[in-house]
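Everything on this sheet refers to the single structure shown next.
The values are calculated or read from the model by the stated rules, or taken from the named source; none is laboratory data. Note that this is a predicted model, so its numbers are computed, not measured. Using ideal geometry, Cβ is built from the backbone for each residue, glycine included, and neighbour counts are taken over all protein chains shown. SASA here: full protein model, heavy atoms, side chains in, ligands and nucleic acids out. Shrake-Rupley method; radii C 1.70, N 1.55, O 1.52, S 1.80 Å.
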Amino acid sequence: RSLAELKAQKKRDAAHKAQAAAQADGDRAMYLQKSAVKLIDEGWSQHEAAEASLAAAQAKEMRAKAQLSEANKLEGIAKAYKAKAFAQKLKKIAATFSQAAAEKAAAGKKA
């Protein structure tokens, strides 16, 4: 082979090596891009799941507050009913004592 052919072969080999390196760099960049897209997608999915969980928790909290409010109302009604029933019992007791006192007073006047 001639010197010119050897130089040309070296240039072709160098060009092939450069092309192979560029291809490898391109493949690596594509892999990194796909990995980044995958990570972003996974992160977004986790974000959406967290938002859904937060919304569900907030809905549960609102239901719990409504139930607590309703329970407090029912407790107030029950206390009022209990107080009314207690007042009626006291009224009956007072009436019984009044009647007994009136009977004793009447018996005292007869005697």
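Quick look at the values:
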| read-out | value |
| --- | --- |
| Apportionment of accessible area to carbon and sulfur, the chain, percent (1.4 Å) | 63 percent |
| Inter-centroid distance (Cα atoms) of region 1-18 relative to region 37-73, Å | 67 Å |
| Accessible solvent surface per residue of region 1-102, calculated while the other protein chains remain in place, 1.4 angstrom probe, Å² | 90 Å² |
| Total charge dipole magnitude, the chain, about the Cα centre, Cβ charges on Lys, Arg, Asp, Glu only, Debye to nearest 20 | 980 debye |
| Charge-dipole axis of region 10-111 as Lys and Arg at +1 and Asp and Glu at -1 on Cβ define it, positive-most pick from Ala105, Ala95, Gln23 | Ala105 |
